[in-house]
Amino acid sequence: MRYISDIGNGQQLHIENEGNQTFIGVSSRGPGQQQSQSNAFDTGKWANQPLLYKIDDALIVQIEGEKGTRFLRLSGNQSQSTDRPADLENAQKLPLTESSEPGMKRMDPMKPMKPMKPMKPMEPMKPMDPLS
């Protein structure tokens, strides 16, 4: 399952459950550029749709899964998982929309480089002409 939410400033939050992993990514688009950042958390399979809250400058994602209720906090370039978030009573609940778009593309590990061929030996230097 994959959900998205517009979080303002031209940014979108993507939340996806694949196996026991929850992937959370933020992408932004501007004129001539696109940036994205994502993190993975071990939450287990989801039991319900995630919930998204905004508290001050942080986003809180509530995940109910096989490993109990987890809260993922995203603030700036940092993200962390916790059992208990800050007080959600005064938090703004943001809508999440189920998405049929392909999931976040994860990079494959780099393959080892092929060994380089040895360089050819250098030719001997030719004697220089004596100065006249």
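The values are calculated or read from the model by the stated rules, or taken from the named source; none is laboratory data. This is a predicted model, so every value here is computed, not measured.
One table, with the values for the structure above:
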| item | result |
| --- | --- |
| Number of the exception - residue 74 against (1) under 16 Å from residue 16 (Cα atoms); (2) outside any strand (DSSP E or B) | (2) |
| Test: residue in region 98-113 that is of a type outside the set (A, V, I, L, M), part of a strand (DSSP E or B) and either modelled with pLDDT under 90 or within 18 Å of residue 25 (Cα to Cα) (or both) | yes |
| Odd one out for residue 82 among (1) among the hydroxyl-bearing types (Ser, Thr, Tyr); (2) closer than 20 Å to residue 28 by Cα; (3) modelled with pLDDT under 85 | (2) |
